[in-house]
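Trainee: Dumping the structure here so I can ask a few things about it.
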Amino acid sequence: MMYQGTNIDGPSLAPEQLNIRGKNLTSLIQESSYLEVVHHIITGAFPSEKELKEIHHFCNQSLHSILNNTEAIALIKQQAFQSKDITKTIIQGLLLGFQEEFNIVLSSQEITYDKDTAYGLFLISTIPLFVGIAIQEIEKENIGSLSSIHLEQSYTENVFQLFFGRTNTIKEELILFESLLIAWHAGFGHLTPSVMGPRVAAGTYSSMEMILITGFTCSGPFHIGASQFAFSFLENYKNDTLENTLEAIKSKLASNEKIPGFGHPLFKKDPRNNTLQEIWSKCISDKRHIKKYNAICSLLEEIKGLQPNIDFITAGILCEFSATQATLAPSIALFSRASAILAHAKEKKQKPPFGSKSKDARKHLDQLSMGWI
């Protein structure tokens, strides 16, 4: 195994970094596009130019294929209205499966994956539509994002427009957005609940939609969901001056209140933040948001000795993109993480059910192999 219990991804502590298929995640953030890393984590190789075009086309067709399923759209809207939660709305969409639409897309597209993998990618590709529906339903505004799906533009551009209700984007925004997606997509192996849970489900040979849903349910305030609280925290100060914001945070720290988005359970310093911060600074000319982000980070380091993690910089970047819904933050993280879920599901399904043969399980019950999870 290249990493602990898997050949896909895993962290290292000396130096502190995240690794995917033999590549440093920092390098992938700097050098690759989102769909390139999706193909890389699934197959272990980067796509050729022809393959990348096929993946873009497949993802766009998948996204577009369910627009006319009015009954499904109505169910997804109902979930969004009742829960006011984007992640729960995504789960509702995944539960519907869309097998008929998948078969139509698969029969009309060239794609290099086996059918089960292609179905997983199809489902992942439709997630941004569920997000767009949820935002429209929660805000009760016809922001036009659903009609902005265009097959002739890149899949990532369609995703951005659905997430942020925009009908136009600029190149620099897309660069920053893709960097954020790549930063979230993988690196911890099966240590994270959002991957460990799906590996358990895959070990029972569950369906692809249920495996993905398992990953989405394995997120809470202490894993991925922390980005939601970090965003809400920053949103509280969006109209305040930098000076007033810092004074308010000082008061919270003096009362021993926790500031969401700081510290990490494994790393002394999250290796993704500096890279994202550099790209953010290069891509955005208006420095208001990144200036506030940097000032808060400096204050927390000075008073508490704490470093920001991926949750806090995600919140800052979403403020930059004028996001309005706090539950968008974990939804973006889970959408990106879904490619790792798919890769780990493929790997786990190549093993015996539960990851261990009965003979070995009985012999080593007190020290079951990591393959069990």
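The values are calculated or read from the model by the stated rules, or taken from the named source; none is laboratory data. All values derive from a computational prediction rather than experimental measurement. Cβ placement follows ideal geometry from the backbone for every residue including glycine, while neighbour counts extend to all protein chains displayed. Just the protein is used for accessible areas: all its heavy atoms, side chains included, with ligands, DNA and RNA removed. Shrake-Rupley method; radii C 1.70, N 1.55, O 1.52, S 1.80 Å.
Trainee: How large is the convex hull of the Cα atoms of the range 267-309 per residue, expressed in Å³ as a whole number?
Mentor: 55 Å³
Trainee: Taking all protein chains in place and a 1.4 Å probe, what share, in percent, of the accessible surface of the range 59-158 do carbon and sulfur account for?
Mentor: That share works out to 48 percent.
Trainee: Do any GluC sites (Glu not before Pro) in the range 256-302 lie in a loop, going by DSSP, with at most 14 other beta-carbon atoms within 10 Å of their beta carbon, and if so which?
Mentor: Passing both the DSSP loop test and the Cβ count: Glu257.
Trainee: Still on this structure, please answer the following. GluC sites (Glu not before Pro) within the range 126-205: which are DSSP loop residues with at most 16 other Cβ atoms inside 10 Å?
Mentor: The qualifying sites are Glu141, Glu152.
Trainee: So, one more: Could you name the lysines whose alpha carbon sits less than 17 Å from that of Lys348, not counting residues in the same chain fewer than 8 places away?
Mentor: Reachable lysines: Lys115, Lys357.
Trainee: For the chain, what does the helix formula give at 222 nm: sum of -39500 (n - 2.57) over DSSP H segments with n ≥ 4, over the residue count, nearest 500 deg cm²/dmol?
Mentor: Calculated mean residue ellipticity at 222 nm is -19500 deg cm²/dmol.
Trainee: Among the chymotrypsin sites (Phe, Trp or Tyr not before Pro) in the range 190-255, which ones are in a DSSP loop with at most 13 other Cβ atoms within 10 Å of the Cβ? Mind listing them?
Mentor: Here the chymotrypsin sites (Phe, Trp or Tyr not before Pro) that fit, given the DSSP loop and packing criteria, are Tyr205, Phe222.
Trainee: Please report the relative contact order for the range 114-231, taking Cα pairs under 8 Å with a sequence separation of at least 6, and give it as a percent rounded to a whole number.
Mentor: 19 percent
Trainee: Considering only the other residues whose Cβ falls under 11 Å of the Cβ of Ile8, what net charge follows from Lys and Arg at +1 and Asp and Glu at -1?
Mentor: Its environment carries a net charge of +2.
Trainee: With Rg and the Kirkwood Rh both taken from Cα atoms, where does Rg over Rh land for the chain?
Mentor: A ratio of 0.96.
Trainee: Just the projected area, averaged over all directions, of the convex hull on the alpha carbon atoms of the range 216-313: how many nm²?
Mentor: Directional mean of the projected Cα hull area for the range 216-313 stands at 6.9 nm².
Trainee: Express in nm, to one decimal, how much length is gained between Tyr205 and Lys50 on full extension, taking 0.36 nm for each residue of separation and deducting their alpha carbon distance.
Mentor: 52.6 nm
Trainee: If you don't mind, there's one more thing I want to ask. Show which lysines lie in cross-link reach of Lys84 when reach means a straight Cα distance below 16 angstrom and same-chain residues fewer than eight apart are skipped.
Mentor: The reachable lysines, counting only those whose Cα sits under 16 Å from Lys84, are Lys140.
Trainee: With all protein chains present, how much of the accessible area of the range 170-292 (probe radius 1.4 Å) comes from carbon and sulfur, to the nearest whole percent?
Mentor: 55 percent
Trainee: I'd like to check one number: the per residue accessible area of the range 271-352, probe 1.4 Å, reported in Å² as a whole number.
Mentor: Heavy-atom SASA per residue in the range 271-352 reads 33 Å².
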